[in-house]
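No lab work stands behind these numbers, since they all come straight from the coordinates. Remember, predicted model here, so these are calculated numbers, not experimental data. Every residue, glycine as well, gets a Cβ built from its backbone with ideal geometry; the counts of neighbours run over all protein chains shown.
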Amino acid sequence: ELKVEQNPLFLSMQEGKNYTIYCNYSTTSDRLYWYRQDPGKSLESLFVLLSNGAVKQEGRLMASLDTKARLSTLHITAAVHDLSATYFCAVEDPYDKVIFGPGTSLSVIP
Amino acid sequence: SAVISQKPSRDICQRGTSLTIQCQVDSQVTMMFWYRQQPGQSLTLIATANQGSEATYESGFVIDKFPISRPNLTFSTLTVSNMSPEDSSIYLCSVGDDRAPYGYTFGSGTRLTVV
């Protein structure tokens with residue numbers, strides 16, 4: 001059974017700083033997703049990573065995937081308050097089911 | 001990417017009653033998924049709904065409690081039956097969208113409170 005872990009679960013960071021969120025998963029997969037969720041809202045898709053070594057960037061966020069290590073990272077550069085949200089990684093299993101990690105609650109403080 | 005209309009957006013229901021949640025997609029999709037998000041928690045997959053076949057339920061979820069219909073390729077319903085306060089959650093539907101660069105799309109969610 002596929003399991004997805006994230007760390008940290010809670011992250012408070014100052015504006016302007018850099019940080020990385022880690023996502024580990026337990027079984028082979030080559031499809032990984034990052035989502036953002038604001039309080040009371042649905043999920044917003046950020047990145048789809050489809051192959052080993054994939055790297056995608058959008059604004060201050062960059063995501064990467066290492067399928068051999070079963071690890072994805074979401075790197076935040078020069079954080080701003082607008083990035084405060086919960087970030088989920090999700091991994092697709094061989095049966096096309098998407099399993100979510102526990103989420104990382106990010107607060108960016110002045 | 002696909003656009004999903006999910007209704008109702010929220011409801012407050014009495015214990016022991018049932019609520020049916022609807023998801024309408026603006027394009028035909030093979031697979032639809034139903035998730036539950038308990039307060040402050042992550043998303044848990046309830047079931048996968050394919051048109052023309054019975055839904056496939058995940059461990060811990062049963063058809064009697066969460067019956068699902070999938071009458072065509074653009075529509076699905078999830079019913080939460082015989083509700084108790086423990087069913088208070090956000091319920092979301094999702095579709096995979098090969099046209100989109102961003103994978104799966106989610107409905108806006110149904111916030112259910114059982115009193």
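Just a few scattered comments:
- Comparing A:GLY53, A:GLY16, A:GLY40 in a Gaussian network model of chain A (Cα springs below 10 Å), the most mobile by mean-square fluctuation is A:GLY40.
- If R0 equals 22 Å, the separation of the Cβ atoms of A:GLU15 and A:LYS41 corresponds to a calculated FRET efficiency of about 0.50.
- Of A:LYS68/B:LYS65; A:LYS17/A:LYS56; A:LYS3/B:LYS65; A:LYS41/A:LYS68; A:LYS17/A:LYS41, pairs whose Cα-Cα distance is over 31 Å: A:LYS68/B:LYS65; A:LYS41/A:LYS68
- Residue-count net charge about A:ASP93 - beta-carbon cut-off 13 Å; Lys, Arg +1, Asp, Glu -1: -1
- Loop-located GluC sites (Glu not before Pro) in region A:8-84 (DSSP state not H, G, I, E or B) with no more than 16 neighbouring Cβ atoms inside 10 Å: A:GLU15.
- GNM top mover of A:ARG60, A:ARG36, A:ARG70 - chain A, alpha-carbon springs below 10 Å: A:ARG60
- Cα-projected label distance for A:LEU71 with B:SER53, points at 7 Å along beta-carbon direction, nm: 3.7
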